[in-house]
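Read through the structure below, which is laid out as structure tokens, and then see the notes.
The values are calculated or read from the model by the stated rules, or taken from the named source; none is laboratory data. Note that the coordinates shown come from a computational prediction; the quantities given were computed from them, not determined experimentally. FYI the Cβ positions are ideal-geometry reconstructions off the backbone, even for glycines, and counts take in every protein chain you see. Note: accessible area is taken over every heavy atom of the protein model, side chains too, but ligands, DNA and RNA are not part of it. Shrake-Rupley method; radii C 1.70, N 1.55, O 1.52, S 1.80 Å.
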Amino acid sequence: MKITWLGHGSFRLEIANQVLLVDPWLTGNPVLPEDQHEAATQGADFILITHGHFDHTADLVALSKKLNAPAVGMYDFMGHFETNDGLNVIGFNIGGTVMLGDVAVSMVPALHSNSYVQAPQAPVGREVGFILKGEGHTLYVSGDTGIMADMEWIGDYYKPDIGILSAGGHFTMDMKATAYAARKYFDFKTVIPCHYKTFDILEQSAQDLIEGLPGVDVIEPQVMVAIEI
């Protein structure tokens with residue numbers, strides 16, 4: 001498995017012979033150079049979307065059409081893109097699981113806000129996270145979220161060993177809150193923070209997360225540098 005941070009909350013996941021983009025934000029992303037956009041997205045099979053905010057959806061329509069990669073996410077929201085933009089979509093809902101090749105993707109709750117400014121009346125549904133199973137690993141992508149009680153059953157039921165967790169503060173959990181949630185609700189072997197460093201208002205270091213999770217491999221990702229697990 002290869003996990004590549006594209007900055008902010010965006011990732012490229014190479015797992016079980018699939019290339020999955022999660023919330024790929026290219027246009028206006030201050031930490032992903034334009035000359036890296038092609039390498040970041042090439043060969044993608046599917047595009048997973050957690051919610052409608054611009055820093056998660058700005059490039060969805062263009063990328064989906066360019067790559068012929070279906071958009072995958074909340075049923076209501078995906079219906080908007082199918083009807084209005086002609087995208088191939090896979091819409092499902094919280095508690096559901098879809099197979100993307102040999103990767104099982106389950107939708108779980110997140111706790112945030114949700115809107116789509118490009119089409120204010122679009123039925124966005126609600127904000128979510130994902131559980132991905134493949135290559136003998138279970139990966140929890142939290143999406144943008146604060147600490148929530150649902151993390152208890154997510155950790156107990158799916159038992160993820162890898163967590164990609166929003167941890168930048170201000171809009172999501174900060175590093176200390178993320179460490180607390182990871183200790184209390186999960187038994188991660190590996191944790192990768194995200195949604196930080198992008199802007200001055202966000203946390204710039206994962207040191208509090210590292211110190212708060214002794215015995216866990218906390219990996220501070222570098223933009224466009226693959227993490228192999």
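Details
- Distance between the pseudo-spin-label points of residue 97 and residue 118 (7 Å out from Cα toward the beta carbon): 3.1 nm.
- Built amide H within the under 5 Å cut-off of residue 164, gap 5+: 140, 141, 142, 192
- Contact order normalised by residue count of the chain, Cα under 8 Å, 6+ apart, percent: 18
- Partner lysines for residue 159 [C-alpha distance under 22 Å; skip if fewer than 8 residues away on the same chain]: 2, 133, 176, 184, 189
- Share antiparallel - DSSP beta bridges, the range 125-229, percent rounded to 5: 35
- Selection of trypsin sites (Lys or Arg not before Pro), the range 105-191, meeting DSSP coil and at most 14 other Cβ within 10 Å: 189
- Residue-averaged [θ]222 nm for the chain, counting only DSSP H segments that reach four residues, each worth -39500 (n - 2.57): -6000 deg cm²/dmol
- Relative to one another, the C-alpha centroids of the range 1-54 and the range 106-177 are positioned 16 Å apart.
- For residue 104, the residues 5 or more places off, or on other chains, whose built amide H falls under 5 Å of its own are 133.
- Cα-based reach from residue 197 at 16 Å (exclusive), listing aspartates and glutamates while leaving out same-chain residues under 8 positions away: 55, 144, 174, 208, 220
- Carbon + sulfur, % of accessible area of the range 190-229 - ligands and nucleic acids excluded, 1.4 Å: 49
- The residues of the chain expose on average 41 square angstrom of accessible surface per residue, using a 1.4 Å probe on protein heavy atoms.
- Each DSSP beta bridge with both residues in the range 1-144 is either parallel or antiparallel, and the antiparallel ones are about 75%.
- Couplings 3J(HN,Hα) for the range 2-11, derived from phi with the Karplus relation 6.51 cos²θ - 1.76 cosθ + 1.60 (θ = phi - 60°), are 10, 10, 10, 7, 9, x, 6, x, 9, 9 Hz, where x marks Gly and Pro.
- Computing P(r) over Cα pairs in 5 Å bins from 0, in percent for the structure here picks out one of (i) 1, 6, 11, 12, 11, 9, 8, 7, 6, 6, 5, 4, 4, 3, 2, 2, 1, 1, 1, 0, 0, 0, 0, 0, 0, 0; (ii) 1, 7, 16, 21, 22, 18, 11, 4, 1, 0; (iii) 1, 7, 14, 18, 19, 16, 12, 8, 4, 1, 0, 0, namely (ii).
- Atom-type composition of the exposed protein surface of the range 35-118 places 48 percent of the accessible area on carbon and sulfur (1.4 angstrom probe).
- Each residue, residue 88 and residue 207, gets one label point 7 Å from its Cα in the Cβ direction; the gap between the two is 4.8 nm.
- Classification of the range 75-133 by its C-alpha gyration tensor yields an oblate form. The axis ratio a/c (a ≥ b ≥ c) is 1.5 or more, and b/c is at least a/b.
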